[in-house]
Each structure stands twice: as C-alpha cells, then as structure tokens.
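The values are calculated or read from the model by the stated rules, or taken from the named source; none is laboratory data. Just so it is clear, the structure is predicted and the values come from calculations on it, not from any experiment. Cβ sites come from the backbone with ideal geometry, for glycine too, and all protein chains shown count toward neighbours. Ligands, DNA and RNA are excluded from the accessible area calculation, which covers all protein heavy atoms including side chains. Shrake-Rupley method; radii C 1.70, N 1.55, O 1.52, S 1.80 Å.
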Amino acid sequence: MYKDKFINVTRSSMPPIEEYVEEITDLWESRWLTNYGLKYNILEKKLCDYLAVENIAMFNNGHSALEVALSSCDLSGEVITTPFTFVSTTNAVCRTGLKPVFCDIDKESLCIDVNKIEKLINEKTKAILPVHVYGRVCDVERIQEIANKYGLKVIYDGAHAFGVKIHGKGIGNFGDMTMFSFHATKVFHTIEGGAIAYRNRGSAKLIKELQNFGLNEDGDVCHIAGNFKMNEFQAAMGICNLKYIDQNIKRRKKVFERYLERLSHIKGIIIPEKQQNVESNYAYFPVIFSQKLFGKNRDYILDKLKLHNIFARRYFYPLTNEYSAYINLKYKAEDTPIAKNISDNVLTLPLFEGLTVADVDNICDIILDD
Ligand SMILES: *Cc1c(COP(=O)(O)O)cnc(C)c1O
C-alpha cells in the first residue's frame with residue numbers, strides 16, 4: 001500500500017512558500033539577520049498573545065532555552081525530575097552542574113507523580129523539573145504547593161505543550177519558568193528554536209545576558225555564557241507558522257479522534273485518558289501495549305508497521321537513565337517502575353496535520369490485523 005510513500009511519526013508543517021519568501025524579503029534590505037531584529041520582536045509579541053503569557057525569551061533551540069532557564073535560577077544541588085522524557089531534559093540538568101533525582105511517573109498523566117516527590121526532597125534539593133510529556137499536563141497545583149512548602153524553584157519542560165491550556169490558562173503561566181521547543185518536529189516550529197516563558201519580569205535581563213555571551217547593556221561580560229539567540233529567519237518561519245497553528249491543531253484533533261475510534265475499545269491497548277479541563281494540542285498519540293491482553297508486544301507492532309513504510313517511534317524508550325552516558329547515576333530504572341514499564345511498552349503513532357483518516361485506518365488495520 002505504502003510502497004512509494006513513507007509515513008513518519010511526524011512531519012514538519014510548512015507555510016505556503018510564497019508567504020515565507022515575502023516574510024524574509026525585507027531581511028535582504030535591512031541586512032539585519034540576527035540579534036533581536038524586527039522579526040524577533042514581532043514573533044515575541046505574537047507568542048506572548050498566543051500562549052497567553054506575560055514574558056517570553058526566544059532561543060536558537062529548546063534545549064539551550066532549558067539550560068538557560070536552569071542557569072538563570074542560580075542553583076546548585078539536586079533537581080527532582082522524570083526519566084520518562086527526551087534526553088534533553090536530563091542533559092540540561094547535568095550540563096548546568098546539577099544532579100538529577102528521578103521521581104516515578106503517574107500512570108494516568110504519564111507526568112511526574114506528585115505523591116512521590118516529597119520523599120525525594122532533602123537539604124540539597126533546589127528545584128523540580130517536571131515535563132508536560134506528550135503535551136499532557138502535570139498536576140501544576142500540587143507541584144506548586146510542594147515547591148512553596150520547601151522553597152523550591154519549578155521549571156517546566158513544556159517542549160510538547162505549545163498552546164495547551166488548563167482551565168483556559170496558558171500552560172506557560174505555571175511554575176517559575178516553562179521551556180517550549182520550536183523544533184521542526186514539534187506542533188509549532190521555527191525550524192529549530194525554543195523559548196522560555198517566565199513569571200518574574202525581573203528575570204528578563206539575566207536571561208538575555210545568559211543567551212548572549214554574558215554581555216550586559218554596558219558591554220561588560222558579567223557571566224561566562226554561550227550564544228543561544230534565535231535568528232531572524234527562524235523568527236520569520238515562526239510568524240508564518242503561527243498563522244496556521246489553530247487550523248493545524250484542529251486537523252491533528254481529527255486524526256487523534258479517529259485513532260481513538262479505532263483503538264480505544266481494543267483489549268490490551270491502553271490509551272491515556274483525556275485530561276479534564278485541559279485544552280490539548282494533540283501533539284502525540286501514545287499507546288501502551290499489554291502483551292498479555294493484546295497478544296503482541298510493542299516491538300512486534302513497531303516492526304510490522306515498518307514493513308509497510310510506517311515509522312512509529314518508541315517515545316520515550318529507554319528511560320534517560322538507561323542511556324550509556326548515565327550508567328553511573330545513582331538512580332536506576334528499577335527505582336521508577338511505572339516509568340520503566342510504560343517506557344518498555346509504549347509506541348507513539350504517526351500524528352501530524354496532513355495525515356488523513358484513510359492513513360489512520362490503514363495504520364490501525366495493520367496494528368489490529370492478525
Ligand atoms: C524536543 C524536546 C526538547 C528539546 O528541544 P529542541 O528544540 O529540540 O532543542 C526538550 N525536551 C523534550 C521533552 C523534547 O521533546
């Protein structure tokens with residue numbers, strides 16, 4: 001069926017090429033290609049509106065945004081986080097000189113289990129770094145209560161959560177800071193790119209210094225920092241893509257709902273429940289296979305889809321602390337049994353705005369066919 005056609009887990013959304021060309025045309029005249037130019041400023045304002053947040057800083061990618069978010073909190077010690085994420089989250093903790101302490105996840109939300117955070121807190125604990133994994137939201141209220149009780153910072157990895165709202169409130173308003181990724185494979189992209197939404201307006205100066213060599217407004221270098229600025233071509237892509245974001249999310253929703261229709265009643269295929277009072281961005285469609293009930297395991301389905309040129313992905317397998325770079329960490333995969341179990345059995349099915357209902361039906365037929 002798909003001999004001449006590949007279906008990947010995701011596909012970058014593209015604005016009409018004429019619109020991008022038009023958007024970048026004035027960059028030739030201005031010759032201002034980066035360093036907080038016109039496009040940067042336009043996109044910054046549009047994103048504050050769209051995400052319904054007060055303050056934002058934009059970066060060359062989401063990972064550097066997360067590192068700067070952590071650095072700007074001036075922490076040393078331990079950070080409680082989740083191993084069920086893209087490795088960027090754990091890398092950011094370690095690369096900023098902090099120590100990750102892994103908390104298990106909740107089997108409904110797939111995010112950090114708020115009932116297991118407190119017993120990991122000690123005098124070295126400085127922050128909590130939860131992930132809104134798949135755009136599913138963490139228990140933001142409970143996390144804030146714990147943070148307040150122990151005087152901890154809360155920095156969210158919201159790489160998957162662009163446009164998500166809780167009770168109508170933008171996801172970037174919770175905790176001290178939230179990182180968003182605008183990578184080509186994400187719901188909204190600037191080719192590569194990312195942002196931090198932050199609560200305290202007073203952090204603006206430090207964040208800007210930390211993304212621009214540590215340079216301050218007087219030309220002094222007051223921190224030893226790298227270069228993580230978003231350039232004008234990235235910002236122009238963001239301006240173009242933002243026009244289509246609502247339409248794209250609507251199309252994703254259709255795909256998502258078709259998967260639900262076809263798979264939600266199947267014994268042994270577990271689909272995480274829709275979260276109450278959450279406006280979703282339909283970023284991913286994760287399914288968890290129970291071999292006992294379904295008869296076939298995750299890797300069997302992955303390979304079977306591959307034979308039809310359909311490339312689902314094992315997001316997120318393995319857990320970050322199972323990678324060889326992390327073999328010396330104190331916290332092992334066995335210490336987070338729910339995360340381990342889900343990671344071993346989860347598959348993320350193709351989901352992007354151009355996927356058709358017929359494509360979804362084909363994918364489901366292959367999964368369900370004996
Ligand atoms: C994509 C992603 C990142 C990193 O974002 P980039 O923009 O690719 O640097 C961080 N955390 C998670 C959970 C991600 O999925």
Just wondering, is there one or more residues in region 117-130 that are open to solvent by 30 Å² or more (accessible area, probe 1.4 Å) and within 28 Å of Phe285 (Cα to Cα)? no
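Which of the following residues is open to solvent by less than 10 Å² (accessible area, probe 1.4 Å) and out of contact with any helix residue (DSSP H, G or I) (no Cβ under 9 Å at 6 or more places or on another chain): Ala161, Ala147? Reasoning before the result, please.
Details: Ala161 fails: out of contact with any helix residue (DSSP H, G or I) (no Cβ under 9 Å at 6 or more places or on another chain).
Answer to the selection: Ala147.
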Among the residues of region 334-357 satisfying the criterion of being hydroxyl-bearing (Ser, Thr, Tyr) and touching a Pro at 6+ places or on another chain (Cβ under 9 Å), which is nearest to Arg314 (Cα to Cα)? Thr348
Only one of Ser64, Ser76 is more than 19 Å from Cys138 (Cα to Cα) and more than 10 Å from the ligand (Cβ to nearest atom); which? Ser76
All-but-one check, Gly163 against (1) touching a Leu at 6+ places or on another chain (Cβ under 8 Å); (2) away from the ligand (no atom under 16 Å from the Cβ); (3) on the phi > 0 side of the Ramachandran plot, failing number (2)
Check Arg252 against each of (1) farther than 19 Å from His160 by Cβ; (2) not in a loop (DSSP other than H, G, I, E, B) and name the one condition it does not meet. (1)
Qualifying residue in region 22-33 (condition: within 16 Å of the ligand (Cβ to nearest atom), in contact with a helix residue (DSSP H, G or I) (Cβ under 6 Å, 6 or more places away or on another chain) and outside any strand (DSSP E or B)): no
Pick from Ala184, Ala225: which is surrounded by fewer than 22 Cβ atoms within 10 Å (Cβ to Cβ), in contact (Cβ under 8 Å) with a residue 12 or more places away in the chain, over 20 Å from the mean Cα position of the chain (by Cα) and not in a helix (DSSP H, G or I)? Ala225
Within region 201-222, take every residue that is in contact (Cβ under 8 Å) with a residue 60 or more places away in the chain and open to solvent by 50 Å² or more (accessible area, probe 1.4 Å) and give me the one that is nearest to Ile17 (Cα to Cα). Lys208
Restricting the search to region 153-180, which residues are in a strand (DSSP E or B) and farther than 14 Å from Ala57 by Cβ? Lys153, Val154, Tyr156, Asp157, Lys165, Ile166, Lys169, Gly170
As an exercise: evaluate His189 against (1) more than 20 Å from Pro83 (Cα to Cα); (2) buried (at least 24 other Cβ atoms within 10 Å of the Cβ) and give the number of the one condition it does not meet. (2)
Residues within region 99-126 that are part of a loop (DSSP other than H, G, I, E, B) and either of a type in the set (Lys, Arg) or within 16 Å of the ligand (Cβ to nearest atom) (or both), tallied: 6
